[in-house]
Amino acid sequence: MADVLTVAGLKAYYQTNYFGVQREVRAVDDISITVRADEVYGIAGESSSGKTTLIKTFAGAIHPPLRIVGGSMRYRFDGQEIDPYAVSAEELNRLRWRHVSYIMQGSMSVLNPVRRIHRSFADFAFSHMDLPKARFWQAVEEHLERLSLSPDVLRGYPHELSGGMRQRVTIALATVCRPGFIIADEPTTALDVVVQKDVLALLDDIRRTLKSSVVFVTHDMSVHANMADRIGIMYAGRIVEEGPTRALFTAPKHPYTAHLVASLPRIGDATRKPALGGRPPALSDPPGGCRFHPRCPLAIDKCRTEVPPLETVGADHRSACWRSAEVEPLTPPSGASGEEVA
């Protein structure tokens, strides 16, 4: 299967210099991953692990104080290789809508609260679809209807819609140009479980229809169990484990992944879930060695002094842990094998 996105040694830091005080936050620190054609690649981890910063780099949405300080990133579309940081602003804008779309966290971050929804479609999509105005609006209405949305929503304001409807409109806006690569940042945040299920089903249907690759970001492992083909686990700005979804749920090879899986609720299981002690480190001053070692139950002296490489531990499975062979496999929640997680 061809790779659509290749990231190698990527480093993206927030760098500030105020009143003579320099500060650097290593939000994305030496990450190497690939995203393949027609797959859902999940990114999971606690808050402040660097997930949103990572996908900002994928979208080319880099603004000071965030800077790319190392590594490379390449997209491949129609046999052409594109470096989003080596093209002009105009070319980058075309790339974002014609090939790469970004579903941001929170629908109100996208929809202007004082403008009718049709203005958002005109502002973002019209120039990229290369259609006469009448045909453009016909295509927009047809796209909305495919997503079970009435074209009447175009005449409304965002506050007149429910949270679920706004999120569906946001997804429609991000996919109306039929992109080959979709970035979804916590698309189900603040939605109740029934609406969440509908939104996830909508995203999956769009992906299958467009045959797009999707990078899906959420801290909710049960959502990943139902959506992702492969998952990258982030901790303190780094990928600590990556592999097929079922492998990560049934046989995690990093203690942090094992904790995330063990924390999931299961129907009929009333046992108390073990808490992970400590807190994620400050990315302005991360610990040496493995960044997880202050919280890790398997940590040894080597973990405190040497950075573990992300090495192959199974079929399409990588882990950055000196003791990966000693991580105990856990029983997966239903959903990692194709059923729904409660």
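Coordinate-derived values only; no laboratory data. Bear in mind that the values here come from a model prediction, so they are computed numbers and not experimental data. Please note: Cβ atoms are built from the backbone with ideal geometry, for glycine as well, and neighbour counts cover all protein chains shown.
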One would report the antiparallel percent of DSSP beta bridges in the chain, rounded to the nearest 5, as 65
Please compute the length gained on full extension between residue 267 and residue 36, using 0.36 nm multiplied by the number of residues separating them and subtracting their Cα-Cα distance. 79.8 nm
Taking the Cα centre as origin and putting +1 on Lys and Arg beta-carbons and -1 on Asp and Glu beta-carbons, what dipole magnitude results for region 3-228, to the nearest 20 debye? 420
Whether region 235-326 is rounded, prolate or oblate, judged on the alpha carbon gyration tensor where a/c under 1.5 counts as rounded: oblate
Using the alpha-carbon centroid of each, what span in Å lies between region 253-294 and region 43-115? 28
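How high is the FRET efficiency from residue 127 to residue 74, r the C-beta distance, R0 22 Å, rounded to 0.05?
Computed FRET efficiency for residue 127 and residue 74: 0.30.
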Give, to the nearest whole percent, the P(r) tail of region 183-270 beyond 21 angstrom, counting all Cα pairs. 35
What span do the alpha-carbon atoms of region 166-208 cover on each of the three principal axes, reported in whole Å from largest to smallest? 28, 17, 15
Residue of 63, 143, 254 that the Gaussian network model of the chain assigns the largest fluctuation, springs spanning Cα pairs under 10 Å: 63
Linear extension gain, residue 316 paired with residue 328, 0.36 nm per residue minus alpha-carbon span: 2.4 nm
Could you please tell me the mean projected area of the C-alpha convex hull for the chain, averaged over all directions and given in square nanometres to one decimal? 19.3
Quick note, region 1-75: a/c under 1.5 would make it rounded; otherwise a/b > b/c is prolate and the rest oblate (a ≥ b ≥ c, C-alpha gyration tensor); here it is prolate
Quick calc: nm separation of the 7 Å Cα→Cβ label points for residue 87 and residue 61 -> 1.7
